[in-house]
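See below for the structure under consideration.
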Amino acid sequence: MTAVLRQQMTLYSRIFSLGMQNSLVYRWNFLVRALAGLVPLAGSLFLWKAVFSEPESTNFSGYDYHLMMAYFLTLIVMDALTSPVEDDFAIARDIKDGKISQVLLKPIDYFTYRVSLFLASRLIYSAVVLLPTIAVLYAFRHFFSGVHVGETLPLALVAALGSAFLQFTIAYASAMLAFWLLDIGSVVFILFSVEYIASGHIFPLDVLPAPVYAVVRLLPFAYEYYFPVGIFLDRIHGAEIWQGFLLQWAWIAFFYGLGLSLWRRGLRHYTSVGN
């Protein structure tokens, strides 16, 4: 290991540590956010219980009531582990307020800097909500009775890691628009609206008609939530898993490249006064 590489690892490990310390300040916010996430779950319980109460609805596109509830419970865990929390707005504020000047004057790669803070935030958030999450999963453990956790969990965790990086690279690329826009809020809102539907937040994507499902699976959003949850519940298996991994990391590479290109272009027009 070269001296330069050791210095870089030490630098970003310190940034990661500072990110953890900063996130600990908001630990109660994390807990409240996690508890608030149970509200949609309660709504899903009542909604799908009503749907499956009809005799002809005992099976809905291959889902029964227990499997559907397992889907939404797993979705909540995925959301807690992988979703960036306003990282796009934080990056945009760094650009708008000229704070990136502090990074530009130091031997720090801004993307790696933001990834370090993102991972630190996710680690602290996961630690804070660990016990409530375990309690909820234990209370609803009967919904997972048909899931072969030991077989599906390892690949689902790999897919969850890809989901985290995919969501971050999308947030990073969209935040780069702050070099040209005064407020990226409208862009983020549009992306969030599309993502909420196309990622499987409202319903599992495989309940869609086959032609629509085939198209949606080509979009990056399907690999944020539906893909790892589908692997865990054994709704995605065989060659479909490896095709999914290929598309997931292809989209990660695309948005990383897009963000890097926008960063370089933005710096050509960037001017900071008094920072």
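The values are calculated or read from the model by the stated rules, or taken from the named source; none is laboratory data. All of these numbers come straight from a predicted model, not from anything done at the bench. Virtual Cβ from ideal backbone geometry, glycine too; neighbours counted across all protein chains shown.
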- Look at region 223-235 and say how many of its residues are surrounded by fewer than 24 Cβ atoms within 10 Å (Cβ to Cβ) and either farther than 12 Å from Y71 by Cβ or not charged (D, E, K, R) (or both). 1
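How about region 226-253: which of its residues are over 16 Å from Y63 (Cβ atoms) and not in a helix (DSSP H, G or I)?
Step one: list which residues in region 226-253 are over 16 Å from Y63 (Cβ atoms), which gives 227-228, 238-253.
Scanning region 226-253 gives a single hit, G238.
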- Message: Within region 72-88, take every residue that is buried (at least 19 other Cβ atoms within 10 Å of the Cβ) and of a type in the set (A, V, I, L, M, F, W, C) and give me the one that is farthest from A120 (Cα to Cα).
- Response: F72
- Item | In region 89-114, the residues that are buried (at least 20 other Cβ atoms within 10 Å of the Cβ) and of a type in the set (V, I, T) | I91, I95, I100
- Pairing a residue in region 120-142 that is outside any helix (DSSP H, G or I) with any residue that is not aromatic (F, W, Y), where Cβ atoms lie under 6 Å and the two sit 6 or more apart in sequence or on different chains, gives V129/A34; V129/A80; F140/L73
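Taking the conditions exactly as written (surrounded by fewer than 19 Cβ atoms within 10 Å (Cβ to Cβ) and under 13 Å from the mean Cα position of the chain (by Cα)), does L182 satisfy them or not?
Values: surrounded by fewer than 19 Cβ atoms within 10 Å (Cβ to Cβ): yes; under 13 Å from the mean Cα position of the chain (by Cα): no.
In short, no.
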- List, please: which pairs have Cβ atoms under 7 Å, are six or more places apart or on different chains, and start with a residue in region 229-251 that is in contact (Cβ under 8 Å) with a residue 12 or more places away in the chain and end with one that is exposed (fewer than 15 other Cβ atoms within 10 Å of the Cβ) and among the hydrophobic types (A, V, I, L, M, F, W, C)? F232/L153
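More than 20 Å from P228 (Cβ to Cβ) and touching a residue at least 40 places away in the same chain (Cβ under 8 Å): which single residue out of S186, S193, S145 fits that description?
Working: S186 fails: touching a residue at least 40 places away in the same chain (Cβ under 8 Å); S193 fails: touching a residue at least 40 places away in the same chain (Cβ under 8 Å).
Just a single option satisfies the conditions, and that option is S145.
Any idea which residue in region 79-111 is nearest to the chain's Cα centre (by Cα), counting only those that are farther than 19 Å from F179 by Cα, of a type outside the set (A, V, I, L, M, F, W, C) and in a helix (DSSP H, G or I)? Give the steps one after another, and end with the answer.
First, pick out the residues of region 79-111 that are farther than 19 Å from F179 by Cα: 79-85, 106-108.
This time we only want the ones that are of a type outside the set (A, V, I, L, M, F, W, C), so: 79, 82-84, 106-107.
After this cut, where a residue has to be in a helix (DSSP H, G or I) as well, the list is 79, 82.
Working: D79: 6, T82: 4 Å.
Checking each candidate, the answer is T82.
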- Please indicate, with yes or no, whether at least one residue in region 180-199 is closer than 25 Å to A250 by Cα, assigned to a helix (DSSP H, G or I) and of a type in the set (D, E, K, R). yes
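Of the residues L137, L123, L155, which single one is buried (at least 18 other Cβ atoms within 10 Å of the Cβ) and touching a helix residue (DSSP H, G or I) at 6+ places or on another chain (Cβ under 7 Å)? Before the answer, list the steps.
Working: L137 fails: buried (at least 18 other Cβ atoms within 10 Å of the Cβ); L123 fails: buried (at least 18 other Cβ atoms within 10 Å of the Cβ).
Exactly one residue qualifies, and that residue is L155.
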- Message: Tell me yes or no: at least one residue of region 210-220 is at pLDDT 90 or above, more than 28 Å from A92 (Cβ to Cβ), of a type in the set (D, E, K, R) and surrounded by 20 or more Cβ atoms within 10 Å (Cβ to Cβ).
- Response: yes
